[in-house]
Amino acid sequence: MSQYSKIALAVATVLVISTPVSAETQVDDSHIERITVSASRMDKPVSSIPNMVTVIDQEQLQQQLAVSNDLSTIIGNLAPGFSPSRQKMSSTGETLRGRKPLIMIDGVPQSNPLRDGGRSGKTIDPAMIERIEIIHGANAMHGMGAQGGIINYITKKAEGETEHRITLEASAPTDGGSDGIGFATTYSFAAAGDSTDVLGSISYRNEGIYYDAKGNPIGMDTTQGESADSQSANGFIKVGKDFDESRLQFMASHYQIKNNGDWMTVNGDKDNGIPTGAEKSPQPWEAANNTVTTASLDYSHQDIFGQQMNIQAFSQNFKALYGGGCWASFYNPEFEGSDQVTPCGTGDNGETLYYEQSQNHSNKLGLKVSFLNRNLFDSNVKLAYGVDVFRDTTKQDLYVTGYEWVPESRYDNIAGYAQADYNITSKLTVSGGLRYEHAKLVVDDYKTLWGSGYVDVKGGSPDFSKTLGNLGLNYQLNKQWRLYTNFSQGFSMPDIGRVLRDGNNFINNPSIDDNLSITPIVTDNYDIGFDYSGGDWLIKAAYFVSHSDFGSRLQRNDDGIYEVKREENQIRGIEASATWYVTDQDDLGVNMAFTEGKYDSNKDGTLDTDLDGSNISPNRINLYWARMFDNDMSLRLQANMFLSRDFKDKDNAVTASFHGYTTFDASLAIPLSYGQVNLAVQNLTNTDYFTYYSQTVGNDSRYFKGRGRLVTVSYSVAF
């Protein structure tokens, strides 16, 4: 039996990821039942979903935000199947169960699967979020993109009397200069009357330079994107109107984050353990930034022929500018001698090189129409059904010359779905559903870059049709024990942009219509698990397998640019947690995840090579103690343990190693007669470490250390 199998067997008998529950609630079934998961498309309570589900509520979110404003870090702390944060503007390599999740805001997709530039984690300020719903494992509930699962940010809504709220925050490293100081402020207004509610909010955040545990500036990722030395702002509004049996709601969010461009990268030496550093020097290009506008209009009616109806129309406008460089890949003889470009060096073949950078544009439009019948023909069947219509138009062009690196690609999709629950007995429920996807990809004729072969590619409009299914069983053995198992399929496209811009994919077949590299990805996901809630314990555990016959994997070439590789792959693992409510005021908890992934490197039908750190997360254990004092002060201490591992090829040779590390965080909330103060320390023991991504797939220019000890103080007041 392998070491992994021994761990799996031991952990599966006792533990798994659960919806975190605060000490005040203890194991309260009625409270848990009130937490419905809207991302399920059936507004189902957590306890009736035959999947691994994590719900991060407002209290937990505020505890984590006191320590870090990085949503990737927060999700990883409470749902350890998620990869460690890059601590950058870029989220490339951040996965859920080893695959890319579909990120949404109130059901509006934020992920950009046609050209995944790794920026979908930076589309909203966390101050706008009420809770986070996470459904683990590939599924097709919301269509394309949820290979690893769904992360749905549910935004705040006005409730109760008129309220103004102001939050002020400041942070500083204990080892480092004054340029590491950051600050943030948020103002919100909320009012709810008999039938109308409105919430508006605006936030501004200024991040200082990041310092490691030794007081040295952490290297800047000036190309993919850097959140250190940056400014961000978010404007948000949500307005709702209730009628007799219906509701109309509008939501809009405009978010921008921009690096200041005042620091440059100093290459390290990965082979000799020298980290990538940074020096204060203006970047000779436009600094990396994100600009995202999300809007939705929702209408719901509680009784349309005895059914609940929900309609959502949405849009998202996404623009991401990447930093520049002196690139051989972007050389083009058409621009020789042009005033439009700035020379910066000479290539290996004597060609003149230029400063250049790229920019992604993605526009999404969608319509979701769904109906929910809670008792179909008095048959004890709960049925949700509907149709989704979606269009994604994406391109990536060079910022200086305007040359299209990725031609404009339009993805049109229409899908009908039906999802049913049937109570076979009072204890046994079967869930099942089908989703029929019909999609078309439209690309005009184009030419790849000079550095990518200057290949003339004939455009086309290939279409794809696929029926995806899911089937689950939920058995409530008694009041304390629940068992479940589930099979679900997810549907996505490979990173079309990476495929289209790589001329090697079209040398032998310069046509879009019959190129296998753009064939959709179908992922099969299997779960089996249980939860126990009784006495002072809440314990949950699940084992999963995620398999794709023709998967998609990122591999970096010699120029540092990632390419898409299509092979069979499989990921399996355990996600686990247990909470012990020691007293009415104290709880202790553990969350853990153990995963392994392999792919078929030579396409001989054998999964022979480990997936690397950009495709799979490390094994990790999160421990915490939460204390609620009699005076309503609250304390949380948490430990984040990342375990060492080696990555091996088909010959069992080690290709990369990760040396694990442990960090500790602490946060204290102090209520005052007027407002509340939060004191928090991230990396309490000032652990000196290299990040997971840097160790496993980084190079000399991306061999980054993690942040050292950071102290944050915030004050919030409502009036």
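The values are calculated or read from the model by the stated rules, or taken from the named source; none is laboratory data. Every value quoted in this text rests on a predicted model; they were computed, and no experiment measured them. Because the Cβ atoms are built from the backbone with ideal geometry, glycine has one as well, and the counts that use them run over all protein chains shown. Heads up: the accessible areas ignore ligands, DNA and RNA and are worked out on the full protein's heavy atoms, side chains in. Shrake-Rupley method; radii C 1.70, N 1.55, O 1.52, S 1.80 Å.
Worth a mention:
- Only Lys, Arg (+1) and Asp, Glu (-1) charged, at Cβ; the stretch 443-541 dipole about Cα centre in debye: 360
- Membrane-span-like helices in the chain, defined here as complete DSSP H runs extending at least 18 Å along the helix axis by their C-alpha atoms with mean Kyte-Doolittle hydropathy no lower than 1.0, are absent; this is a sequence and geometry rule, not a statement about a membrane.
- Annotation note: trypsin sites (Lys or Arg not before Pro) in the stretch 641-703 located in DSSP loop regions with a Cβ neighbour count of at most 14 within 10 Å are absent.
- Percent carbon-and-sulfur accessible area, the chain, ignoring ligands, DNA and RNA, probe 1.4 Å: 53
- Alpha-carbon centroid distance for the pair the stretch 286-311 / the stretch 558-613, whole angstrom: 32
- Its residue count N fixes a reference of 2.2 N^0.38 Å for the stretch 623-689, and the Cα radius of gyration divided by that reference is 1.75.
- The stretch 346-409-the stretch 486-555 distance, computed between alpha-carbon centres (Å): 17
- Principal axis dimensions, largest first and in whole angstrom, of the stretch 596-713 by Cα: 68, 30, 20
- Distance cut-off 15 Å, percentage of C-alpha pairs in the stretch 135-178 lying past it: 70
- Under 17 Å from the Cα of LYS238 - aspartates and glutamates, other chains or at least 8 residues apart: ASP106, ASP125, GLU130, GLU159, GLU161, GLU163, ASP194, ASP197, ASP298
- With the charge dipole of the chain set up from +1 on Lys and Arg Cβ and -1 on Asp and Glu Cβ about the Cα centre, the Cα lying farthest toward the positive end among the listed residues THR293, THR185, GLN312 is that of GLN312.
- Net +/- balance of residues flanking ASP262 in space, Cβ distance below 11 Å, scoring K and R +1, D and E -1: -3
- Debye, to nearest 20: dipole size of the stretch 606-688, +1 on Lys, Arg Cβ, -1 on Asp, Glu Cβ: 240
- MRE, 222 nm, helices only [DSSP H, n ≥ 4, -39500 (n - 2.57), over the chain, to nearest 500]: -1500 deg cm²/dmol
- Partner lysines for LYS540 [C-alpha distance under 18 Å; skip if fewer than 8 residues away on the same chain]: LYS479
- Net dipole in debye of the chain [+1 Lys, Arg Cβ; -1 Asp, Glu Cβ; about Cα centre; nearest 20]: 920
- Look at the dipole of the chain built from charges on Cβ: of ASN139, PRO407, GLY160, the Cα furthest out on the positive end belongs to ASN139.
- Only protein heavy atoms count here; under a 1.4 Å probe, PHE664 has an accessible surface of about 80 Å².
- Descending semi-axes in Å of the stretch 654-719, equivalent ellipsoid built from Cα gyration tensor: 37, 12, 8
- Residues of type lysines that LYS214 reaches as a straight line, Cα spacing below 19 Å, ignoring anything fewer than 8 places off in the same chain: LYS270, LYS280, LYS705
- Within-13-Å neighbourhood charge of SER91 [Cβ basis; K, R +1; D, E -1]: 0
- Residues in the stretch 603-719 average 43 Å² of solvent-accessible surface per residue, probe 1.4 Å, ligands and nucleic acids excluded.
- Derived scalar couplings ³J(HN,Hα) [the stretch 177-192; Karplus, 6.51 cos²θ - 1.76 cosθ + 1.60; whole Hz; x for Gly, Pro]: x, 5, 6, x, 6, x, 8, 8, 8, 9, 10, 9, 10, 9, 8, 9
- Within-14-Å neighbourhood charge of LYS427 [Cβ basis; K, R +1; D, E -1]: +1
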